[in-house]
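*Asks:* Right, I'll just put the structure down here and ask away after.
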Amino acid sequence: MINIFAVKVLRQYFGARILILFLFLITCNFLVAQVQNEQNDSINKQRLNTVIISSSALYTATLGVLYFGWYKDNPSSSFHFLDDSQNWLQVDKVGHATTAYTFSNYGYWMLRWSGVSNTKSALYSGLMGFGSMTVIEILDGFSAEYGASPSDLLANALGASLSMSQNLFWKEQRISLKFSYYPSDYAQYYPSQLGKSQLQRIIKDYNGQTYWLSASIGSFMKKESKFPKWINVAVGYGAAGMLSPLDNPDYDPDGNPLPEFQRVRQYFLSMDIDLTKIKTNSKGLQIVLKTLSFIKIPFPTLEYNSQGQFVWYWIY
């Protein structure tokens, strides 16, 4: 049982946001640890303990980076909701789905490595992915500048469900959500919104982010087909010209006039590589490939945008 005095200290010195994070992490660890109580000889409890401890540490570190990169300088408020479904031309919503999907995959691989059955690994990992992103909504809900977003929660659920359903029915990921980033020219004009440091811009500058739906062609062919399963076709979505969530301002916070940018939706067609389907006998290399599997591999790419333009990139 959590010591009541410790809870009071956390509440007094760190505020409601950190307290809820603390309680949430304990709850997640409790749910995952229930697998240990199953009478199943295939479960490697030592590995499962390693998964629980290491995943908790990595997730806490990730939240720390997010807190100092995004929330640290934002004033707090009472918990509230906010409808931001029209913000950033919905690029952030696709980002939420992609992150929940990625976290779910990591959870699935770790649970399977621990000997947990495929069905339970798929279900638990989907809950882990959704729950991990729910914490961000809690942080947003206590931030005066933001608010807990129903559309974000829906995107989180869709991303986690995509991972969970494929693991349940195919025992593999044939269709993946991926991410790519390249620094945009827009962050310099409005750093308070798009990030002052490079770390903040990777998270906050949606102009530089592209999200991909990447499908393994060979995975949908007959088993006797020799077509490589690691060759993927990918469609992407991004946007450009955005200085703020809804409408670009005429002036920056210091009163300086800003250039006028057209807010543009971008759609991409490209090839990709599924790193998880590259066969190797090296367990260390397998871990590296799976860890990096959320990254879209640069390839020649065709863009079509909302201005009716086609743009060709030799490498995107």
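*Asks:* Using θ = phi - 60° and the Karplus form 6.51 cos²θ - 1.76 cosθ + 1.60, what ³J(HN,Hα) does each residue of the range 211-216 get, whole Hz, x for Gly and Pro?
*Replies:* 10, 10, 9, 10, 10, 6
*Asks:* Mind checking which lysines have their Cα closer than 21 Å to the Cα of Lys296? Skip sequence neighbours fewer than 8 apart in that chain.
*Replies:* Lys93, Lys178, Lys204, Lys229, Lys277, Lys279
*Asks:* Rounded to two decimals, what ratio of Rg to Rh does the range 174-316 give with C-alpha atoms and a Kirkwood Rh? Write out the running numbers ahead of the final one.
*Replies:* On the way: Rg = 18.5 Å, Rh = 17.1 Å.
A ratio of 1.08.
*Asks:* Next question, about the same structure. Kindly state, to the nearest 0.05, the FRET efficiency for Ser165 paired with Gln198, given R0 = 30 Å and r defined as their beta-carbon distance. Don't jump to the answer; show the numbers that get you there.
*Replies:* Details: r = 36 Å, r/R0 = 1.19.
That gives a FRET efficiency of 0.25.
*Asks:* OK, next. For Asn44 and Asn281, what is the calculated FRET efficiency with R₀ set at 30 Å and r taken between the beta-carbons, to the nearest 0.05?
*Replies:* 0.90
*Asks:* Measuring from label point to label point, each 7 Å out along Cα→Cβ, what is the Asp247 to Val288 span in nm?
*Replies:* Once both label points are built, they end up 5.1 nm from each other.
*Asks:* For the range 120-160, report the % of Cα-Cα distances exceeding 16 Å. Before the final figure, lay out the partial values.
*Replies:* Values: 295 of 820 pairs.
Tail of the P(r) past 16 Å holds 36 percent of the pairs.
*Asks:* Now a separate question. Which Rg and Dmax, in Å, describe the Cα atoms of the range 129-238?
*Replies:* Here Rg and the maximum Cα pair distance are 17.8, 57 Å.
*Asks:* Here's a follow-up. Which chymotrypsin sites (Phe, Trp or Tyr not before Pro) from the range 52-154 combine a DSSP loop assignment with at most 16 other Cβ atoms within 10 Å?
*Replies:* Listed in order of number, the matching sites are Phe79.
*Asks:* Which parts of the range 161-198 would a label at Asn118 reach, counting a residue when its backbone N lies under 18 Å from a point 7 Å out along Cα-to-Cβ?
*Replies:* What the label zone holds, given the 18 Å backbone N cut-off, is 162-176.
*Asks:* At 7 Å along the Cα-to-beta-carbon direction for both Trp314 and Glu224, put a label point, then send me their distance in nm to one decimal.
*Replies:* 4.3
Only the coordinates and a few stated rules stand behind these numbers; no lab work does. Computed from a predicted model, the values in this text were never measured in an experiment. Quick reminder, even Gly has a Cβ in these numbers, built from the backbone with ideal geometry, and neighbours come from all protein chains shown.
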